[in-house]
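What follows is a single structure, written as structure tokens, with notes after it.
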Amino acid sequence: MKTAMRENPTSSIKKILIMGLDNSGKTSIVLCLKGVKNLSSFSSLNPTRGVKINKFQALGSEYTIWDFGGQEQFRDSYLNNFQTHIEGTKKFIYVLDIQDRERYDISLEYLGKIVTLLSKHKIPIDFSIFLHKYDPDLEFKNSKFNENVISDLIRTMKRLIPYNFTYQIYKTSIYTVFQKLAI
Ligand SMILES: Nc1nc2c(ncn2[C@@H]2O[C@H](COP(=O)(O)OP(=O)(O)O)[C@@H](O)[C@H]2O)c(=O)[nH]1
Ligand SMILES: [Mg+2]
């Protein structure tokens with residue numbers, strides 16, 4: 001009787017996909033989600049080549065996070081095989097390194113392509129954009145950073161995303177893992 005009641009164990013596995021340019025902090029975010037707290041593991045990260053699948057458990061569910069290494073030579077092939085990768089995905093995280101201002105344009109272009117594919121195929125998904133490396137002392141340490149830079153970025157981002165596409169933007173940093181700030 002007990003076994004008959006048991007749920008299929010695979011049904012509770014939630015697939016999360018994380019994408020963004022290389023060096024934006026994707027693997028670090030995966031480590032944070034896995035509960036790694038030792039900061040030295042973050043500084044010794046090597047660039048992820050290709051797709052890396054991580055498993056972890058939290059709040060009674062099992063998760064698989066697909067970490068897509070963001071180097072240029074891989075980005076187009078991910079987009080060409082997008083529907084295969086996206087299959088069964090519950091949550092999508094797009095990571096943009098806000099300290100990498102020289103590559104805002106490239107990152108926004110990549111984001112635009114992803115969002116266009118998702119809305120074209122009408123794939124319902126919980127979509128989050130992480131404005132990452134928003135460290136607590138950022139505006140203090142770097143005078144070029146102020147709210148205008150971020151609000152310009154967000155404005156450009158909103159123009160790029162179709163009006164009927166639902167998403168959330170967060171400011172994140174590995175230094176404030178547990179204080180994700182919704183915008
Ligand atoms: N200042 C700062 N650096 C970060 C943050 N997250 C990651 N990094 C650093 O950014 C670099 C690239 O991170 P990584 O996770 O390998 O990026 P990936 O290529 O997108 O997987 C590493 O040196 C990390 O230590 C953050 O929130 N703030
Ligand atoms: Mg990586």
Using modelled amide H (1.01 Å from N, peptide plane; none on Pro or chain starts), what sits under 5 Å from the amide H of ASP22, excluding residues fewer than 5 places away?
GLY70, GLN71
Relative contact order for the chain: what percent, with Cα pairs under 8 Å and sequence separation of 6 or more?
23 percent
Between PHE56 and ARG155, what is 0.36 nm times their sequence separation minus the Cα-Cα distance? Round to one decimal in nm.
32.2 nm
Go through 85-96, 160-171, 20-31 and give me the packing order, highest mean Cβ count within 10 Å leading.
20-31, 85-96, 160-171
Under the 7 Å Cα-to-Cβ spin-label approximation, LYS113 and ASN80 lie apart by a distance in nanometres of 1.1 nm
FRET efficiency, VAL36 to LYS144 (Cβ-Cβ, R0 35 Å, nearest 0.05):
0.70
Mind listing the phi-derived Karplus ³J(HN,Hα) values for the range 19-30, rounded to whole Hz, using 6.51, -1.76 and 1.60 with θ = phi - 60°, and x for any glycine or proline?
9, x, 5, 4, 6, 6, x, 4, 5, 4, 5, 4
Nearest 0.05, what FRET efficiency do THR166 and LEU45 give at R0 = 25 Å with Cβ-Cβ as r?
0.20
Expected 222 nm ellipticity per residue - DSSP helices of 4 or more, -39500 (n - 2.57), all of the chain, to 500:
-9500 deg cm²/dmol
Zone of LYS91's modelled label, taken as backbone nitrogen in the range 47-73 under 19 Å from a point 7 Å along Cα→Cβ
52-69
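We did not get these values from a lab; they are worked out from the coordinates using the rules stated. A quick note: this is a predicted structure, and the numbers were derived from the prediction, not measured. We place every Cβ from the backbone using ideal geometry, glycine too, and count neighbours over all the protein chains shown.
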